[in-house]
Amino acid sequence: MDTNKPLDINFDFRMDTPQGKDPDTLSPTLRRYHKLLWNKPLPGGVLFELVDTTPGVYLNHCSQLGAFSLASDTVIPDFRKEARISHVINQIPEEVATFIRKSYTIGGMILFPGNRVGHYMTINGARGFHPRIKNRFDLTVECIRRYHFNETSPLSTVLARYAGFFRLFHDFRGYIEFFLLQDLVTDDCSAVKFFSPFEDFNPAPVPDSIPKYLAYRELAVGFIEARNQRIQTWWTINRL
């Protein structure tokens with residue numbers, strides 16, 4: 001793997017993906033970036049070596065800690081496919097287009113376990129279908145935080161099915177720091193910085209007015225941009 005090639009935090013992964021297809025599956029640049037960024041020591045010191053040599057598996061890791069199949073996920077939804085807020089989306093096309101482009105940069109990407117346990121949904125699938133999450137990454141990370149502190153959340157059951165994956169990072173702080181998600185939490189990792197007012201998963205997660213959507217978009221894009229800069233800094237320091 002050539003670590004001397006530049007890592008472009010502004011690269012839109014749709015650009016090297018066949019038109020209409022999913023960058024999470026088919027962008028070669030995204031797969032390379034995941035390997036470059038997360039192929040590093042876990043909190044316990046074991047190298048989280050990622051390879052893409054298994055047919056049908058996006059990336060996998062195998063060590064004394066276990067075998068894990070990983071899949072890429074675009075984590076910041078723009079909600080343009082939500083029919084009930086089409087009246088909002090249609091009125092602010094330029095803002096939405098900018099939002100979409102930002103969401104397809106590396107700051108808007110994560111790895112989750114890609115294998116199904118039994119016949120149940122993966123984390124990615126469950127967070128997309130749950131009506132109280134709707135793919136919101138801030139809400140997903142709140143569920144992950146609660147999982148580590150033995151608190152309940154809408155994703156408690158699915159997260160528990162992947163306990164082995166989360167043990168790789170020891171605790172919530174370990175997970176946050178490994179994937180460079182510090183800009184989504186407070187400095188002490190005790191709370192998540194939400195993209196809209198949070199009331200224990202009770203409000204509908206989809207912003208249903210122009211002011212709500214623009215407020216959500218501003219905070220979500222702010223997180224992506226901050227994480228992109230954090231990734232750039234980490235890459236500059238650690239690639240040598």
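Side notes on the structure shown:
- The peptide list 41-54, 153-166, put in order of mean Cβ contacts within 10 Å with the highest first, becomes 153-166, 41-54.
- Calculated [θ] (222 nm, deg cm²/dmol) that DSSP helices of n ≥ 4 give over the chain, each run adding -39,500 (n - 2.57): -11500 deg cm²/dmol
- Ranking Leu219, Val206, Ala83 by Cα position along the charge dipole of the stretch 13-238, where only Lys, Arg, Asp and Glu carry charges on their C-beta atoms, puts Ala83 farthest toward the positive end.
- Dipole of the chain, positive direction: furthest Cα of Gly56, Gln229, Ser72, with charges on the beta-carbon: Gly56
- Here the chain is treated with +1 on each Lys and Arg Cβ and -1 on each Asp and Glu Cβ, and its dipole about the Cα centre works out to around 420 debye.
- Overall dimensions of the stretch 17-149 as given by Cα atoms, namely Rg and Dmax in Å: 16.5, 53
- For the options Ser27, Ser209, Ser69, a Gaussian network treatment of the chain with springs between C-alpha atoms closer than 10 Å singles out Ser209 as fluctuating the most.
- Working note: Debye formula, equal point scatterers on the alpha-carbon atoms of the chain, no solvent; log10 I(q)/I(0) at q = 0.11, 0.12, 0.13 Å⁻¹ is -0.57, -0.68, -0.81.
- Fewest neighbouring Cβ atoms within 10 Å first, the residues Met109, Met121 line up as Met121, Met109.
- Percentage relative contact order, the stretch 13-238, counting C-alpha pairs under 8 Å, at least six apart: 19
- Sorted by Cβ neighbour density within 10 Å, fewest at the top, the residues His119, His170, His87: His119, His87, His170
We did not get these values from a lab; they are worked out from the coordinates using the rules stated. Computed from a prediction, not measured in an experiment: that's the story for all the values here. Heads up, the Cβs are rebuilt from the backbone with ideal geometry, glycines too, and the neighbour counts pull from every protein chain shown.
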